[in-house]
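Written out below as structure tokens is the structure these notes cover.
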Amino acid sequence: QVQLVESGGGLVQAGGSLSLSCAASGSSLRIVSMGWHRQAPGKQRELVATITGGGTTLYRDSVKGRFTISRDNAKNMVYLQMNSTKPEDTAVYYCNADTISSGRYWGQGTQVTVSS
């Protein structure tokens, strides 16, 4: 079992910055990659960014150049730095951890609201 707890969501004006954090605990040694997804009202959950233990990153096109995902393997933490935010970034952001043997785990989500 892996437990994930997100923090750092809130309200930000368009063009501003916000930083999200996610702490993993439990069987965190089994984690091979971590990432962030988001879900806006009435829409499906979508991938925002992922990062492997070796530091390989992947971003959805709409956040490239604005968001940065990073990871501290020693602390079992993953971060999402959100810059140049847009109203369309408004969503509940979920941290995920992928394991080899147990599949994907999710955090409880944190609300990000970008005002225009």
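Of note:
- If you take all other residues with their beta carbon under 15 Å from the beta carbon of Ser7, and give Lys and Arg +1 and Asp and Glu -1, the sum is -1.
- C-alpha center-to-center spacing [region 41-94, region 1-37] in angstrom: 9 Å
- The aspartates and glutamates whose alpha-carbon is closer than 16 Å to the alpha-carbon of Lys64, local same-chain residues fewer than 8 away aside, are Glu46, Glu88, Asp89.
- For a modelled paramagnetic label at Ser115, 7 Å from Cα along Cα-to-Cβ, the residues of region 10-49 in reach, with backbone nitrogen under 18 Å, are 10-19.
- Carbon + sulfur, % of accessible area of the chain - ligands and nucleic acids excluded, 1.4 Å: 50 percent
- Contour excess over end-to-end distance, with Cα ends at Val5 and Lys86 and 0.36 nm allotted per residue: 26.7 nm
- Think of a 1.4 Å ball rolled over the protein heavy atoms: region 1-70 then has 53 Å² of accessible area per residue.
- Relative contact order for the chain: 37 percent, from Cα pairs under 8 Å spaced at least 6 residues apart, divided by residue count.
- Under 10 Å, Cβ to Cβ, from Arg60 - net charge with Lys/Arg +1 and Asp/Glu -1: 0
The values are calculated or read from the model by the stated rules, or taken from the named source; none is laboratory data. Here the structure is a predicted model, which means the values were calculated and not measured. Here Cβ is always computed from backbone atoms with ideal geometry, including for glycine, and neighbour counts include all displayed protein chains. What goes into the accessible areas is simple: the full protein's heavy atoms, side chains included, and nothing from ligands, DNA or RNA. Shrake-Rupley method; radii C 1.70, N 1.55, O 1.52, S 1.80 Å.
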